[in-house]
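Peer 1: First the structure, which I've put down as structure tokens, then a few questions once you've had a look.
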Amino acid sequence: MSNDFPASFLWGASSSAFQIEGGWDEDGKGMTVADRNSFKRSEIQADSKVASDFYHHVEDDIALMKELGMKAYRFSVAWSRIIPDGDGAVNQAGIDFYNKVIDNLIAAGITPLITLYHFDLPYALVEKYNGWENRACAKAFERYAEVCFKAFGDRVKYWQVHNEQNLMMRVDERMNLEIEDLHTKEKVRAQMDYHMFLAHALAVNKCHEIIPDGKVGPAVSSTVTYPLTNKPEDVWAALMNNRMKTDYCLDVHVNGEYPGYYMEYLKSQDTVPVMEPGDAEILKSAKNDFIAMNYYRTLTARYLPADAEHPAGLRLEGMNEVDYNMYGYFQIEKNENLKATEYGAQIDPTGLRIALNDYWNRYHLPLIITENGLGTADELTDDGKIHDEYRIDYMRKHIKAIADSISDGVEVFGYCPWSVIDLLSSHQGFKKRYGLVYVNRTDMDLKDLKRIPKDSYYWYQGVIRTNGKDL
Ligand code: BG6
């Protein structure tokens, strides 16, 4: 099949505020949950204090993006730069910083695509309300979104609300879930999830109200799960793994209500969240314009029966903190047909084609890939360069899978690999690098933070120049 990308295809790259910016408390910025979590590991690895120091490299980094030929840049705004304590006074210095970023992008011919919330809830909201557990957090988010739409909406037309609500929910640290009793913990988690859905819907409606030509949608961490065998119960387990970890989230965003399978699960666990009168209408009224998906790998599952000691719905630790198992539903297994990265992500370009086809057929909304990439320990060679042919191979195959999906009839309007430059990995500091550009620092040594384009940068430049013909 030929690689036919639309002329308007948004070739881009991605980042998030706490992973790239640094300047974590400069010009009035408040601490976030992401900062706090990274500080817990400061003794052993890089934290968000300096990160890639984008805060002080805006012009130079955007010049590199321009040279790469990027048509779009997907990045996030730190809520606590705009409103340091989450729901109090607006910090003009924060608005000025993002104005500078946006204006530089536009001058470079790059379309900004903003995520409002990428794992970095203002920590003050945790202290005040235990964050998303409280409905006040959803209202605070609506106000924050409104401030951003009013400040930037004249120039920014693409918006993502939450980054990976579905994945964030699985990671206790990101949600600040420090509760011993399992049932209470799951009840609080479900309530937090609900308030985030409400906040999402409120923000979507605000976006349409304030930016008439604005486009807004969710960004999910996609899950494609294969059954370990062709036993019908394994096929069911694979389906349930997709539903419980990703599909329920998209279903709520797009259909404006909890799908039956998820509501029944919540009822069976006695964790149905408190919903107020009028909420159902808010959820229903929010109309997303597109779906953004982050895609890294696929999963494989087998059926995990419940028993007297392990009731259905009980979570069991999995291969890592994201991929939990659940009694009565699924257990995650290795896929012997796929190679994995050194961090265990099973590399699978065909899975991207499956996800794109699946989401398109289910929701009929245009799709954009806002994350996809290979995290590894790149090493500078004696010639002062990074020869990352493994990343080129990864990207080439995934871009080909997008081209195939377009030939399948799927509407895909952009590709923003993770990440534009090296940045703080959400768990592994600077040991695990994803960037198209090397940032010269290690976990414990800031060095000179020099930017060095990797081989993948020059390769991707050619891909963009030929609109995907030259892979
Ligand atoms: C995505 C997140 O889930 O995965 C990013 O949106 C994150 O913030 C990326 O960096 C890669 O994960 P990690 O843990 O390797 O940094």
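Peer 1: Which of the helices (runs of 4 or more DSSP H) found entirely inside region 126-187 contain at least 2 residues meeting this: away from the ligand (no atom under 16 Å from the Cβ) and within 21 Å of ALA93 (Cα to Cα)?
Peer 2: Of the helices (runs of 4 or more DSSP H) lying wholly inside region 126-187, those with at least 2 residues that are away from the ligand (no atom under 16 Å from the Cβ) and within 21 Å of ALA93 (Cα to Cα) span 135-152.
Peer 1: Just the residues that are more than 16 Å from the ligand (Cβ to nearest atom) and of a type in the set (Gly, Ala, Ser), please, taken from region 209-240.
Peer 2: GLY214, ALA237, ALA238
Peer 1: Which one of the conditions (1) open to solvent by less than 50 Å² (accessible area, probe 1.4 Å); (2) modelled with pLDDT of 95 or more does GLY109 fail to meet, given that it meets all the rest?
Peer 2: (1)
Peer 1: Would you mind finding the one in ARG174, ARG170, ARG189, ARG155 that is among the basic types (Lys, Arg) and closer than 21 Å to GLU276 by Cα?
Peer 2: Only one candidate passes the filter, namely ARG189.
Peer 1: Need the failing condition index for ASN242 against (1) surrounded by 14 or more Cβ atoms within 10 Å (Cβ to Cβ); (2) part of a helix (DSSP H, G or I); (3) out of contact with any Ser or Thr (no Cβ under 8 Å at 6 or more places or on another chain), just the number.
Peer 2: Single failed check for ASN242: (3).
Peer 1: Here's a follow-up. Taking SER42, is it part of a loop (DSSP other than H, G, I, E, B), among the hydroxyl-bearing types (Ser, Thr, Tyr) and open to solvent by 20 Å² or more (accessible area, probe 1.4 Å)?
Peer 2: yes
Peer 1: Which condition from (1) on the phi > 0 side of the Ramachandran plot; (2) part of a strand (DSSP E or B) is the one that GLY313 breaks?
Peer 2: (2)
Peer 1: Can you name the residue in region 286-312 that is open to solvent by less than 40 Å² (accessible area, probe 1.4 Å) and within 16 Å of the ligand (Cβ to nearest atom) and is also nearest to the chain's Cα centre (by Cα) among such residues?
Peer 2: Within region 286-312, the match that is nearest to the chain's Cα centre (by Cα) is ASN294.
Peer 1: Conditions: (1) part of a helix (DSSP H, G or I); (2) at pLDDT below 95; (3) not charged (D, E, K, R). SER2 meets all but one. Number of the miss?
Peer 2: Answer for SER2: the failing condition is (1).
Peer 1: Take ASP348 and tell me if it is open to solvent by less than 70 Å² (accessible area, probe 1.4 Å), acidic (Asp, Glu) and more than 14 Å from the ligand (Cβ to nearest atom).
Peer 2: Taking the combined requirement at face value, the residue satisfies it.
The values are calculated or read from the model by the stated rules, or taken from the named source; none is laboratory data. Everything numeric in this text was worked out from a predicted model, so none of it was measured. Positions of Cβ are backbone-derived with ideal geometry, glycine not excepted, and every protein chain shown enters the neighbour counts. These area figures cover heavy atoms from the full protein model, side chains too; ligands, DNA and RNA do not enter into them. Shrake-Rupley method; radii C 1.70, N 1.55, O 1.52, S 1.80 Å.
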